[in-house]
Structure formats: C-alpha cells, structure tokens
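The structure appears below as structure tokens.
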Amino acid sequence: MELTTSDYEFNTTEDIFDDELCDLDPSPSEVITQTYVHSIICALGLIGNTLVIITYLFYKRTKTMTDVYLYNVAVADLIFVVALPFIIYNEQHNWLMGPVACKMLSSAYSINLYSGMLLLACISGDRYIAIVQARRSFGTRSHTLIYSRLICAAVWVFAVALTLPTLIHTEHSEEQNLGSETATVTCQLSFSKNETAKLMKVLVPSLQMAIGFLLPLVVMVFCYSSIMCTLLRAQSSQRHKAVRVVLAIVVVFIMCHLPYNMTLLKHTVSLFKERSCESEKIKLQVLAISRGVAYLHCCLNPILYAFIGVKFRGHFRQIIVDLWCFSKKYIYSARSSRGTSDICISGFKSADGSNNMSSFSA
C-alpha cells in the first residue's frame, strides 16, 4: 500500500496490464524511505510555518496585502504537515482511524495544493503591482487590506470546492486477501459507475496540473519577470539581492513541482493504454519520489517568503529570546532572579503599538 493518498488512484475501472498478475505495492525499503522523508518534511514544515503564524499573531501584525497572503500560505501548509503523519500512520495500520479520517486526511493535500499555489500567485501579483505599477498604486495600497482578506476567503472557498470530489468520493473499504484470513483496508477514490471513474481519472489530475501548477506558474513567471526588469533598471544597491530572491522563488517553485506534474501528466495519459507491470512499478516509484519533492515546497515557503526579510528575521530572533525566557522562568521558578526579568524584554506588540511582555515571558 502506498504511503500517500493520491487523487489519481481509483478502484472502479480496470487497469490494463500485459501481465495477468501485477503487484504494485511498494517494497518494505520504499515504505521505510518514504516514512523517513515525510517525517523530515513534516518536522521542518511544522517548525517553519508555526513560526510564521506566531510571528504574525503576536509580533508583526498583518499590515499589507502580502502579509495577509503569507499568513494564509502558512496556514495552508500547516494544515498539510499536520495531516501528513496521520496519513502515514493510517496507511501503515490499515486506516485504524476509520472512514471520517480517511475522507478528511485525503482532502488535506488537495486543499493545501489549490489554496497554497493560488495564494503564491496572489503574492506575485501583489508584488508586481507594488513594484512595477508603483506610481499607479501609490496612495491606494494602504486601503486595500480588506480586499486581500476577501481574496483569501475566495481562494479558500475555491480550494474547498475543487476538493469536494475527493471528499465525497473517497471511500474507506475492506478487501479480503485471497488465500488468507487477513483483509486489506484501503482509502481511495471509488465510484459506482465506470463512466464516472473514467471521467474523474482524467479530470482530477488535470485540475491539479492546471490550477495547482500551470496557472500559478504562468502568473509567477509574468509578474516576477516584470519585477526583475524593473529592478534591473532601478539605481539601487539592493537590486541584485532582490533579483536573486526573485530568481530563487521561481526556480524553487519549478524544481519542486515540475517533476511531479510531468510524471502525473504521463501517468494520466497512459491510464487507458496497455502497459507492462514493470514499467508501471517504475512510474509509481517516480511518482512517489517526485511527490515527496513537491511536498518539500511547504518547508521552503517560510524561508523564501518570510525569513529572508530582515524584519522577519528580527521577529524570529525575538521569539527565540521569549521562549528562552519562558523556559528559564518555569524551570527556575523556585529562584528569584531579578536579572532575568530585566533582560527578557519581549518583542510582542500590543494593539496600540506599545512594547509589552508577550505570553511567552509573562
């Protein structure tokens, strides 16, 4: 059984193989490798995106459209990295958490894919307006914070709508193994009619590639190429650093998502063709590897979009200081240390902008 639930896996139509029997289950070594890789992705993604959310909630406040988008990207990525260990556990233990968990966990990646990618496109569009169309947008961007929240709400509604087929048709089923008293429990998309299954076999991955990859890619390439041209014309000592950041964002996006989408496209095209068992095994292995690389993007988003900024790094350092003060206070609560309370000054900002002690060091 594969370690990750994929939107293109179905159990209604018959797969066409030139071999009569074909075991497509991954080997134990592949299962172990995927478990370790996904665990690392989960840990890094959890730390990075949690720090982004904490920073916006207690330190930085969302003042611009990009801030609102970044906060929502972190929430989308966090939803997925929290769901990932439960997916791994359930698929290794015959989905012990039951049918509800099967549906919810299967939908987590789809929601993250659509919302996260569309929000990254929104960020590139906002930066395009702020830099390339700076003169036209001057004096108006300070009044558009409400619009960014409405756009984010629309993105989430759209992502949930696109995820509905996965949520509705994912089934928790039990299949008795031939010649054995044991049963295999699966969690995958299932349909009562072959015609519906054939349609969804093409529609679901096509939507993933079109809206989850191609549309954001086109928007990002257009916006960031225009931004780079504007920065190169500008007389600024920081322009080369800004250009490198822009290049890093686009290159990392392509490197993470292009291999998976190309493999998924090839897999979709060959669904209704006769294919050998060995080639199908290789293709599924490539899909698993490229999917892991795509998952890695949720760990890189905080670095590329948040921590690369000087102010954000300052807030991050302040979080570490507050956590250190918090631990010292409760570990050494029996001791009275005036020095500690004088040194540990939090970076938490109150609503009126004053510097107060945060909940970490209160």
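Just a few scattered comments:
- If you go through segment 30-40 and pick out every residue that is of a type in the set (A, V, I, L, M, F, W, C) and either over 14 Å from Val293 (Cα atoms) or touching a Cys at 6+ places or on another chain (Cβ under 6 Å) (or both), you end up with 2.
- Taking residues in segment 90-105 that are farther than 23 Å from Val160 by Cβ and in the same structural domain as Ile79 (by TED's automatic domain parsing), and partners anywhere that are crowded, with 18+ Cβ neighbours inside 10 Å and polar (S, T, N, Q), the pairs with Cβ atoms closer than 7 Å and at least 6 places apart or on different chains are Leu96/Asn90.
- Residue in segment 16-37 that is crowded, with 17+ Cβ neighbours inside 10 Å and modelled with pLDDT of 90 or more present: no
- Number of residues in segment 158-185 that are surrounded by 15 or more Cβ atoms within 10 Å (Cβ to Cβ) and either closer than 27 Å to Met262 by Cβ or at pLDDT 80 or above (or both) equals 9.
Quick grid of which residues meet (1) surrounded by fewer than 16 Cβ atoms within 10 Å (Cβ to Cβ); (2) modelled with pLDDT of 75 or more:
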{"position": "Thr263", "(1), (2)": "no, yes"}
{"position": "Val293", "(1), (2)": "no, yes"}
{"position": "His297", "(1), (2)": "no, yes"}
{"position": "Ile303", "(1), (2)": "yes, yes"}
{"position": "Lys328", "(1), (2)": "no, no"}
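- The one condition in (1) modelled with pLDDT of 80 or more; (2) outside any helix (DSSP H, G or I) that Met357 fails to fulfil: (1)
- Selection status of Val204, modelled with pLDDT under 85 and assigned by TED's automatic domain parsing to the domain that holds Ala288: yes
Results for (1) at pLDDT below 90; (2) within 29 Å of Tyr305 (Cα to Cα); (3) more than 27 Å from the chain's Cα centre (by Cα), shown as yes or no for each residue.
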site: Ile129; (1), (2), (3): yes, yes, no
site: Ala134; (1), (2), (3): yes, yes, yes
site: His143; (1), (2), (3): yes, yes, yes
site: Leu215; (1), (2), (3): no, yes, no
site: Cys223; (1), (2), (3): no, yes, no
site: Ile227; (1), (2), (3): yes, yes, no
site: Ala234; (1), (2), (3): yes, yes, yes
site: His240; (1), (2), (3): yes, yes, yes
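The values are calculated or read from the model by the stated rules, or taken from the named source; none is laboratory data. Everything numeric in this text was worked out from a predicted model, so none of it was measured. Note: ideal-geometry Cβ built from the backbone for every residue, glycine included; neighbour counts use all protein chains shown.
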